Structures are given as C-alpha cells and as structure tokens.
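Before any comments, here is the structure.
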Amino acid sequence: MISYDELRQLQQYPSGPDTSVLSLYLDVDQSNAANLNRGFETAVENLFRRMADGGENNKHALESECRRILDFLRDYTPRGKGLVVFSDSRSNFWWQRDFQAQLPTDARWSPIPWVRPLLEVVEEHDRFAVALVDNQRAKIFVGDAAGLELIGEIASDVPGRHATTGTDHIWSQSHMDRDRANHIRTHARCVADELGSVVERMSLMRVIIGGPVEATSIFEGELPRRIQQMIVGTVSVPLDSAQDKLLSEVGRILERAEQEDEARLVEAMITAAMKGDRAALGINDTLAAINEGRVHRLVVAKGYHIEGRQCRSCNVLVTDDAKNCSYCGGDLASAPDLINRASHKVLEQSGRVQIVSGAAAEKLNPAGIGAVLRF
C-alpha cells in the first residue's frame, strides 16, 4: 500500500542545480497484447530514445538513468497492471511500486520526482477495508491502488447444524439452534470489533463486506453505526476467492462510490466558493490560496494543464508573465507543468490533492481547479 506520508517524502526530495530524477510510469498489464513477450520493455526503450533525442538537459546523466531502469526491467516480472519508478543514481535513490490500476506509459526528466500521475492513481483508489465473513470464519483486507493486503483472519468455534427426530427431541433441537445462533452472533461481534480497530488505526473511510447473505446480514447488524455508514457495497464472493476475482468485484463498487463522492465534493466546493466561504475556484484564486498556505484540499479536473512561473527564491506560483515575484522580488522561472508544482506545495503544507474525473470534472470545468481552504 502507498500512503500520503510516502507522497510527501517524494515531494520533499531534495532538489538542487545538479539534481535530476527520471520518473517512469509504465503499462505492464499482461491482458494488453502489446505487453506480451515483454513488449513493455520495447515501449520503454523507444520512449527513452525519444527523450535522449529531444534535447533534454544533462544528456549524459539521463542516459545513465535510462540504462539503470532498463537493467532493472530485464529481470522484472509484472505483478499488476502498472509500474512506477523514480531513479536518481547520483543520490543512490530508487523508488518503485506495482499497481493494480491502469497507467499510461510516460516518463519525465526533472529536478524532482514527477508525482502528479501518482497522485491521480492514489486519489482514485483511496485505502479501503474489505471484510469477508461466513458463520465461522472471516478475513479482513485493506486495499488501495497497489492491491489488497490481508490484515487478519478470524476463526470461531461454531457448532454445526444437527437434526433430531421425534417429539421427545423438539426441545433439544430448539436449544441447539439457539446455541448455534448465539455462537454465530458472537463470531460476528468479534469480527466487527476487529474491523472497527483496523478502520480506526488506518483512518479508513470506506468499507466493503461480503460472504453468504445470512452471515453478512448478522455481521452488518453487529457493526457500530459509524462503520455501517462507511459501507459502500457488498460482494457475493466466498472467503477463499482468488484475489483477482475479489479485486474485480471490489473495483466496480469503489469506482461508483468514488464518482459519487467526487461529485458531492465539487458541488460543495463550488457553492462555498460562490459564497466566499473557505473555498477558491479558478487558477488565480487557487494559486493565491496555495501561496498563502491556506489549502486543505486541492481539487483538479483530470487532464487539466496550464503553464506558469515559479519564484526561484520563495517558490511562489503565478500564471502571469512578470519577470519578478510580487511577494519577494525574486526571479521567476518557467513552470511548464504548473499543476504538478502546485500539488507538491499542497502536500508540503500537509494538504491533500484530489483529482476528479467524469461528471465531477465536467462540473468543475471550465475553471479546471479549485480548493477547500483551512481559513
């Protein structure tokens, strides 16, 4: 799994006049015919060749980083749909992650890691819990864009069903049924307590439950109300399902929930901005809030791009063509991907970055960007 702490560490990577990081996003999905027989390696070789021929700065260092990544890829076995690598051999820096999410193949040679595509993936796949329950066993997973991780398993001693015959055994049968039902409910309560602990410890906001209808119904009834309100869907899969099947079922539920959450977020932000109530809308107002350290959550429509400038002295971001910073008078340098720089600053200020798509992005356009403010 990947956390916001890791993202902040990446965006705080120490840059300098001689620092350059090669960032690679790679589609390695083996269901894509172009990636079979290690076709993804050929795609990277062609991408790096174009970069080397494109007049990038410090060409010798770039070629060295390209060779480092290509050497790694020769022994690499895909473990998901996407791969992300950041490499800076001069500082002995290497960061890689496999993702279960689709990633378009692209690369960037820059003074700091190119994290915007990573932000998009992470925001589209917030961490969540999955609890699979039957009458005797349970499994609790936590997942994100990097996949699912089994956090714990629970097994309870629940007596099986026994049938008795004759009128003399009616009371005995009823007693056994009650005893079994109590054991099942105790098991469900134990799983509910463990799930609540995981949600609290990992600050999760979404929960998916699954298993036989009887067991999940009893289990949901034992959950605290706050956890019940986090449930975004139910999957009908047995406890020992293959992880790819479980991921497929979970993915459909999460995609729908994410779209609904994004639409509500954008609607609330636009309304608040119109009222002047701790929200900003549009690039200029949003940058002003970022420069003042007031952004709690930056909200960007997927694909939104704009060029601008950044102060070499105080790192203020602007969209105008001025030569000097209006804050400190320092020189302004070109910032071709202003949104990437803005995302870095928000993370540095302990804020969050939300990339929205679909109906939420359409609602946010043509502004393209906005923010929920701290004050």
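Across segment 247-270, which residue is farthest from Gln354 (Cα to Cα) among those that are in contact with a helix residue (DSSP H, G or I) (Cβ under 8 Å, 6 or more places away or on another chain) and among the β-branched types (Val, Ile, Thr)?
Only one residue fits best here, namely Ile270.
How about segment 294-335: which strands (runs of 3 or more DSSP E) wholly inside it have at least 1 residues that are under 23 Å from Pro117 (Cα atoms) and among the basic types (Lys, Arg)?
295-301, 308-311
Working only within segment 39-62, note down all residues that are of a type in the set (D, E, K, R) and modelled with pLDDT under 95.
Arg49, Arg50, Asp53, Glu56, Lys59, listed by residue number.
Residue check: is Leu83 in a strand (DSSP E or B) and either within 30 Å of Arg189 (Cβ to Cβ) or more than 20 Å from the chain's Cα centre (by Cα) (or both)?
no
I'm checking my understanding of the structure. Among residues of segment 1-21 that are of a type outside the set (S, T, N, Q) and assigned to a loop (DSSP other than H, G, I, E, B), which one is farthest from Val85 (Cα to Cα)?
Residue satisfying both the conditions and the ranking: Pro17.
Between residues in segment 279-294 that are in the same structural domain as Arg341 (by TED's automatic domain parsing) and residues that are of a type in the set (Phe, Trp, Tyr) and not in a helix (DSSP H, G or I), which pairs lie under 8 Å by C-beta distance while being six or more apart or on different chains?
Every condition considered, the pairs that remain are Asn291/Tyr327; Arg294/Phe375.
For segment 217-226, state whether one or more residues are of a type outside the set (Ser, Thr, Tyr), closer than 19 Å to Arg127 by Cβ and part of a helix (DSSP H, G or I).
yes
Considering each of Ser236, Ser203, Ser241 in turn, give the residue that is surrounded by 14 or more Cβ atoms within 10 Å (Cβ to Cβ) and either closer than 11 Å to Val133 by Cβ or of a type outside the set (Asp, Glu) (or both).
Ser241
State yes or no: is Val232 of a type in the set (Val, Ile, Thr), in contact with a helix residue (DSSP H, G or I) (Cβ under 8 Å, 6 or more places away or on another chain) and at pLDDT 95 or above?
yes
Output the residue which, of all residues in segment 247-268 that are within 18 Å of the chain's Cα centre (by Cα) and of a type in the set (A, V, I, L, M), is nearest to Gln102 (Cα to Cα).
Leu247
Considering only residues that are assigned to a strand (DSSP E or B) and surrounded by 22 or more Cβ atoms within 10 Å (Cβ to Cβ), which ones fall in segment 345-371?
If the condition is that a residue be assigned to a strand (DSSP E or B) and surrounded by 22 or more Cβ atoms within 10 Å (Cβ to Cβ), then Val353, Gln354, Ile355, Val356, Ile369, Gly370, Ala371 are the ones that fit.
Return only the number of the condition from (1) in contact with a Ser or Thr (Cβ under 7 Å, 6 or more places away or on another chain); (2) hydrophobic (A, V, I, L, M, F, W, C); (3) within 23 Å of Ser110 (Cα to Cα) that Val318 does not satisfy.
The failed condition is (1).
Within the bounds of segment 135-142, is there any residue that is crowded, with 19+ Cβ neighbours inside 10 Å, modelled with pLDDT of 80 or more, among the β-branched types (Val, Ile, Thr) and not in a loop (DSSP other than H, G, I, E, B)?
Yes: one or more hits.
The values are calculated or read from the model by the stated rules, or taken from the named source; none is laboratory data. Since the model is a prediction, treat every value here as computed from it, not as a measurement. Quick reminder, even Gly has a Cβ in these numbers, built from the backbone with ideal geometry, and neighbours come from all protein chains shown.
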